[in-house]
1. Using +1 at the Cβ of each Lys and Arg and -1 at the Cβ of each Asp and Glu in the chain, identify which of MET176, PRO223, VAL144 lies farthest towards the dipole's positive end.
2. Helix 240-251: angle to the longest alpha-carbon principal axis of the chain, degrees 0 to 90, nearest 10?
3. Please list 3J(HN,Hα) in residue order for segment 289-296, calculated via the Karplus relation 6.51 cos²θ - 1.76 cosθ + 1.60 where θ = phi - 60°; whole Hz, with x for glycine and proline.
4. What accessible area per residue comes out for the chain, rounded to a whole number of Å², with a 1.4 Å probe?
5. So who's got an amide H within less than 5 Å of the one on MET69, skipping anything under 5 residues away but keeping other chains? H placed 1.01 Å off N, in plane.
6. With Cα extents along the principal axes in Å in mind, check (1) 93, 39, 34; (2) 61, 52, 30; (3) 67, 44, 34 and report the label derived from this structure.
7. Would you mind working out the magnitude of the charge dipole of the chain relative to its Cα centre, with +1 at each Lys and Arg C-beta and -1 at each Asp and Glu C-beta, to the nearest 20 Debye?
8. Under 8 Å for C-alpha pairs, at least 6 residues apart: give me the relative contact order for the chain, rounded to a whole percent.
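The values are calculated or read from the model by the stated rules, or taken from the named source; none is laboratory data. Remember, predicted model here, so these are calculated numbers, not experimental data. All Cβ positions, even for glycine, are placed from backbone atoms using ideal geometry, and neighbour counts span all protein chains on display. Protein only, heavy atoms only, side chains kept; ligands, DNA and RNA dropped before computing areas. Shrake-Rupley method; radii C 1.70, N 1.55, O 1.52, S 1.80 Å.
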Amino acid sequence: MDPLSEVLRAVRLTGAYFYLVEASAPWSVSAVRATELAPRVLPDAEHLIPYHILTQGECWAGIEGDTPMRLRTGDVIVFPQGDPHVLASETGHLPHSIPRGVAPHRFPTTLRLGAGDTSATLVCGFLGCDARPFNPLLAALPRVLHLPRVDDSWLAAFPEHALRESRTGRAGGDTMLTRMAELMFIEVLRRHLEEHHGARHGWLAGLRDPVVGVALARMHERPAHPWNLTMLAREVAASRSVLAERFTQLVGVPVMQYLAQWRLQLAAGLLLRGDASVANVGRQVGYASEAAFSRAFKRALHASPAQWRRQRALVPPTP
């Protein structure tokens, strides 16, 4: 079992929102926190992850207030936490080329910055995902993911294919775009894992640990199983104290708390995707009684499972 794949499935990635930027120096764009744009971009997403792929030219990009990094043709930059960030043709203070907080229109509309010859072209977009009840991946990711020159993999062809799919308007286009954005993000995550394999803390580091990684795999394989610390320690061939200490140190929460949070994330998905009763959903994720499941769910999300399902059903679909 691959816990990363399971988490990506459970947090419901969506990302059929792209736009093209053609910029003429000097230019500067200041992006507000992604949550401010969510109602206009992907209103049914709890969390937005903005990203930019530089397809031509050079520019600077970074979190607002931090030292920017230089982007060259083929570079990808992702802001997993949705932080306010800046993209510009040069460092230093430049007047904003568009009003701050403007949500760009979806492709095929092109956002043109400046009036001269184009010096930089970017394909930009947003990836939406669930943040509650529990998304261990988000907390484990840095504020910025930068992949220099991705021209040695299929990722290099992603901008062209995404824009072509947006332009043609073929049947199933939004689904195709969503899948392409998901694949792009997964490839970025895989590159990040490969390049930071020595990380010593966080959920991603836990996946690579010979003790914690096995425990995570077992819980994701059989989340409804009545696990306890003794059983998991036996599975990973370690003592209870070693498992408990290493898990908390790497993942940031105790083993059984992680399992409880993960069960609620799975339950949230089951509540949204089908019409199973609350009691049935609770049983599917390991709760012996509807009352126990409802108490745990309400404690985490401040609404009963039935209330939460009704509230989410009222969220308007993405335009």
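1. Highest projection toward the positive end goes to PRO223.
2. 20 degrees
3. Calculated HN-Hα couplings, in order: 9, 5, 5, 5, 5, 4, 4, 5 Hz.
4. Ligands and nucleic acids excluded, the result is 47 Å² per residue.
5. Result for MET69 returns ALA61, GLY62.
6. (3)
7. Dipole about the Cα centre, nearest 20: 1200 debye.
8. 21 percent
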